1. Treating the angle as unsigned and between 0 and 90°, give the value, to the nearest 10°, between the Cα long axis of helix 119-143 and the longest Cα principal axis of the chain.
2. Between the stretch 1-71 and the stretch 108-149, what is the separation of their alpha carbon centroids in Å?
3. Got the relative contact order for the chain handy, in percent, Cα pairs under 8 Å and 6 or more residues apart?
4. Not counting the cut sites, what is the longest span of the chain without trypsin sites (Lys or Arg not before Pro) that DSSP labels loop and that have at most 15 other Cβ atoms within 10 Å?
5. Of the listed values (i) 17.0; (ii) 18.9; (iii) 17.6, grab the one calculated as Kirkwood radius over Cα pairs in Å from the structure here.
6. In whole percent, what relative contact order does the stretch 1-95 give with Cα contacts below 8 Å and a gap of six or more residues?
7. Residue by residue through the stretch 6-17, what is 3J(HN,Hα) from phi via Karplus (6.51 cos²θ - 1.76 cosθ + 1.60, θ = phi - 60°)? Round to whole Hz and write x for glycine and proline.
8. Which ³J(HN,Hα) values in Hz, rounded to whole numbers, follow from the phi angles of the stretch 62-67 under the Karplus curve 6.51 cos²θ - 1.76 cosθ + 1.60, where θ = phi - 60° and Gly and Pro get x?
Amino acid sequence: PFPQLLPTDPIEIGGAVISVTQILILSITAMVLAALLFLVNKTKLGRAMRATAENPRVASLMGVRPDWVISATFIIGAALAAVAGIMWAANYGTVQHTMGFLPGLKAFTAAVLGGIGNLAGAVVGAILLGLIEAIGAGYLGELTGGVLGSHYADIFAFMALVLVLTLRPQGLLGERTADRA
């Protein structure tokens, strides 16, 4: 079990029920996303990350150390995963060794939906994915005549992934890139 550090009483806002923990999670997510956008778009490390992602060899000719940038990127990713794990555990009240598998798949799906390499696209993809799952889970029993329950809501997330990969492989907000010869 994960300790409940905040009050668990639900708060009603316009007919929607939300907890203090969920409000804190939304706030932390917004702050972390703003910091990540600032890091990637406005700092020297962010420029080095973008250059290394584009072409590591040319980036190294311009004075960027690709190995250092890749290591820094993995450290940042691990820190973000730790923050996400703490928020997940605080919301659900439990911790286990496999708790990151399904959220990791969903994060990848959201990134593909929005467009790989596009942070704003990943956010749009995540919101869209959440809406697709919530609406799908709400109507899944009716759509299947009671055969499938709402615990099969993940079907909709991965159907959306297959659909986007089939119709628009670069994602909803991704840009087409020319293949190199």
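The values are calculated or read from the model by the stated rules, or taken from the named source; none is laboratory data. Because the structure is a prediction, the values reported are computed rather than measured. All Cβ positions, glycine included, derive from the backbone under ideal geometry; neighbour counts span all protein chains shown. To get the accessible areas, we keep the full protein, side chains included, count just its heavy atoms, and leave off ligands, DNA and RNA. Shrake-Rupley method; radii C 1.70, N 1.55, O 1.52, S 1.80 Å.
1. Between the helix axis and the principal axis of the chain, the angle is about 30 degrees.
2. Using only Cα atoms, the two centres lie 21 Å from each other.
3. It comes to 16 percent, rounded to a whole number.
4. 1-175
5. So the calculated entry is the one marked (ii).
6. 33 percent
7. 10, x, 9, 5, x, 10, 9, 10, x, x, 8, 9
8. For the stretch 62-67, the Karplus-derived couplings read 8, x, 7, 9, x, 5 Hz, x marking Gly and Pro.
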